[in-house]
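Please treat every number below as a calculation from the coordinates, not as lab data. Computed from a predicted structure; not experimentally measured. Here the Cβ positions follow ideal geometry from the backbone for every residue, glycine too, while neighbour counts run over all protein chains shown.
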Amino acid sequence: MIPILDSKRQYATIGNDIEKAVCEVLRSGSYILGPNVKALETELAEYIGIEHAVSLNSGTDALHIALRALDIGPGDEVITTAFTFVATAEAIGIVGAKPVFVDIDEKTFNIDPKKIEAAITPKTKAIIPVHLYGQPCDMDAIMDIARRYELLVIEDCCQAIGATYKGKMVGTFGEFGCFSFYPTKNLGGMGDGGLLVTKSENLKNRAIAIRNHGGAIRYHHDEIGVNSRLDEIQAAILRVKLPYINEWNKKRRENAYYYNGLFAKCPDIITPAELNDTYSVYHQYTVKIPNRDEIHKMLQESGIGAMLYYPIPLHLQKVHNYLGYQKGSLPITEHNTEVVISLPMFPELTREEQQTVANTLIECVEKSKTIA
Ligand SMILES: *Cc1c(COP(=O)(O)O)cnc(C)c1O
């Protein structure tokens, strides 16, 4: 059995330090907005190379608080991708704005900047590019459109902490960068967690107020807020893990290139492409294959933990029926949902396991051809 992700292997290497850090919090009596949260925010801002970081309850909250802080709401349209986790579009719905889905680039799985302009209307306020699977979007092209049409940019970096585009970290291009510390993410906590980063002092203050019931000063409430604080225990855990993130991302990349080599002899398996001058952090290693659903079943039966991210595009989800999208409206997105499969990917994955994954997948692809 080779799992898609094995968090226990990581824990085996740093568990002692995590247990020590958690016990210190338990003994300290300070559980909310204490010293670990403050220190983590400083350390993450420094790591990402940006002025301000505000920690939150989840990546979903980061996205919707970013929209709120930018005064985006009913009557506004926000352009994004339909090939992502539902939270990206859900955040737009939470603030009462309308998601407008643009098709993706076939190679990178990310929003296709060439298709953004056609989706802009007088109601468009913002673009949310998603750095899917850890692969940076084409940020020059997206920022150029944003400047020309005076649109705000919120980057969904939930799968991409540490990824860079032309030497700059994702999350530092737009008004806000949104991150998630969900346990399976490249920097994962042991529960929920999220982060907003911004260059703007005003936007930082607005986000700080919204996360804590709409007021920066206790018992003074200026607007409707939420309760979305990262707790001290999670912050303490993330502070133990943060120093390892570059090493872990590097190992993911090495694993990805090793897979690429193993699949080179099998032209039916299309391996992930990277844009020039980007550093992808391979949150997922996702290939395109023929007869995907059949092969997915065969892999499961062989004990290979392969997953489908994502089997239904967001524009065709029931929750978005009201938007009126039809099948066929985003052809590349729809095609991708039928052919992608994500393979085991984590820093501690061994070469032997990768060989087993690759040999099994190649066998399954061959077998599926004889059946088909
Ligand atoms: C995980 C994820 C989110 C949501 O993060 P949570 O912390 O689970 O709320 C949003 N967008 C993308 C692309 C994600 O992968």
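Only the Cβ atoms of Lys and Arg (+1) and of Asp and Glu (-1) were treated as charged; on that basis the dipole of the range 245-371 about its Cα centre amounts to roughly 200 debye. The spacing between the range 300-329 and the range 88-130, judged by their C-alpha centroids, is 17 Å.
With contacts defined as alpha carbon pairs under 8 Å and 6 or more residues apart, what's the relative contact order of the chain in percent? Walk me through the numbers on the way to the answer.
Working: 761 pairs, mean separation 80.0, N = 372.
Once normalised by length, the contact order is 22 percent.
Charged side chains reduced to their Cβ positions (Lys and Arg at +1, Asp and Glu at -1) give the chain a dipole of some 200 debye around its Cα centre.
Positive-end ranking of 111, 53, 158 along the dipole of the chain, with charges on Cβ about the Cα centre, is headed by 53.
At 1.002 mPa s and 20 °C, plugging the Kirkwood radius over alpha-carbon pairs of the range 96-228 into Stokes-Einstein gives what diffusion coefficient in µm²/s? So the translational diffusion coefficient is about 133 µm²/s. In terms of other Cβ atoms within 10 Å, 292, 148, 211 run from fewest to most in the order 148, 292, 211. Considering only 280, 313, 344, and ranking their Cα positions along the charge dipole of the range 245-371 that arises from unit charges at the beta-carbon of Lys, Arg, Asp and Glu, the one farthest toward the positive end is 313.
Of the complete DSSP H runs in the chain, those spanning 18 angstrom or more by Cα along the long axis with a mean Kyte-Doolittle score not below -1.0 are 7-28, 35-48, 351-371.
Per-residue ellipticity at 222 nm computed for the chain from its helices equals -12500 deg cm²/dmol, with DSSP H segments shorter than 4 residues left out and the rest contributing -39,500 (n - 2.57). Just round it to a whole percent: the fraction of Cα-Cα distances in the range 20-129 exceeding 20 Å. Summing the P(r) of the range 20-129 above 20 Å gives 55 percent of all pairs. On the basis of the beta-carbon distance and an R0 of 45 Å, residue 17 and residue 367 show a calculated FRET efficiency of 0.50. Close amide H partners of residue 56, meaning residues 5 or more places away or on another chain with modelled amide H under 5 Å apart, are 194, 195, 196, 230.
Spread over its residues, the convex hull of the C-alpha atoms of the range 245-371 is 144 Å³ per residue.
In terms of overall dimensions, the chain has a Cα radius of gyration and Dmax of 20.8, 69 angstrom.
Over 31 Å apart at the Cα level, from the set 114/327; 8/114; 123/199; 185/318; 38/185; 20/288, are 8/114; 20/288.
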